[in-house]
1. Out of THR64, THR103, THR174, any idea which swings most in a Gaussian network model of the chain, alpha carbons joined below 10 Å?
2. Please list, in order along region 124-132, the HN-Hα scalar couplings obtained from phi with the Karplus expression 6.51 cos²θ - 1.76 cosθ + 1.60 (θ = phi - 60°), rounded to whole Hz, x for Gly and Pro.
3. For the chain, what does the helix formula give at 222 nm: sum of -39500 (n - 2.57) over DSSP H segments with n ≥ 4, over the residue count, nearest 500 deg cm²/dmol?
4. Using Cβ contacts closer than 10 Å as the measure, can you line up PHE222, PHE119 from fewest to most?
5. Given the Cα-Cα distance of ILE67 and LEU100 and 0.36 nm per residue of separation, how much length would full extension add, in nm?
6. How high is the FRET efficiency between PHE40 and ARG267 when r is their beta carbon distance and R₀ equals 30 Å, given to the nearest 0.05?
7. Please arrange GLU189, GLU169, GLU108, GLU94 by how many other C-beta atoms lie within 10 Å of their C-beta, fewest to most.
8. So who's got an amide H within less than 5 Å of the one on VAL180, skipping anything under 5 residues away but keeping other chains? H placed 1.01 Å off N, in plane.
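Bear in mind that the values in this text are calculations on the coordinates, not laboratory data. The structure displayed is predicted, hence computed values, not measured ones. Glycine also receives a Cβ, built like all others from the backbone with ideal geometry; neighbour counts cover every protein chain displayed.
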Amino acid sequence: MDAQTKNLRALLSVVIDWVSAAVRVLGILGRFRYKLDMHFTSELIPGILVQRYKRFLADVRLSTGEIVTAHCTNTGSMLGCNEPGNAVYLSRSESKGRKLAYTWEMIEIQRSWVGINTFHPNRLAAEAIETGVIKELRGYETIRREVKVGSHTRLDLCLEGRHGRCFVEVKNVTLCLGGVAAFPDAVSERATKHLRALMRLKRCGERAAVLFIIQRGDCGYFRPADEIDPEYGRWLRRAVKVGVKPLAYVAQVTPKGIMVTTKLETRL
């Protein structure tokens, strides 16, 4: 090996070390940014749930005694998360084009806040992936959202990098059965369709994962809710057998903000 080659290798080693250090610093800064990003942009409004009805509507009594109607983004049954009389928090939009100014964000269940806004999990997942919180999905440079994978099927995220792609379907989890996080809270043919799409992609050589964002902190582990939707449970186990990765992560929910924090064990 001549002197020039040795010098080039030494220089390359220095550059690699510098890049690695920069990545670590950016990861720390990214986590800090992530925490800031997930704060609500305005102070939430406390109230008491009167009723949830017609799937998309919830009546809430404010501290002033006024009853307002809020938009409920969660189309599931919300089993265990829609009891009248429980404390809730609403956000308020200043947009004049909205029919309902208020959106139902969370409910207090046995002294624990549960996030019920289904608009948040995709954003939570994407930012947790970008900042390295979800260790299994590190190493990708770009994230595309709402990716079409069939004539009538879209998946939430497509991660892309030098080593290929990973398709990710994100599911919001609010159901807790005996201290265990479970999904789904109602029969969901759509969720099962997403599993079949992930399986097809995996068989074609792609990486695939289903990511359960659990918007509550009072669960010991995660499992499919077979007693509610046995078909989904069967397909989830089939998907795992062909290589689809099941991931469950807890999101800490407070009236100040929501942040993905730790991995939860999955038991099938």
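1. THR64
2. Along region 124-132, the couplings run 4, 5, 4, 6, 5, 5, 4, 9, x Hz.
3. So the calculated ellipticity at 222 nm is -9000 deg cm²/dmol.
4. Least crowded to most crowded, the residues run PHE119, PHE222.
5. 10.6 nm
6. So, using R0 = 30 Å, E works out to roughly 0.35.
7. With the sparsest Cβ surroundings first, the list reads GLU94, GLU189, GLU108, GLU169.
8. Answer set, sorted by chain and number: GLY220.
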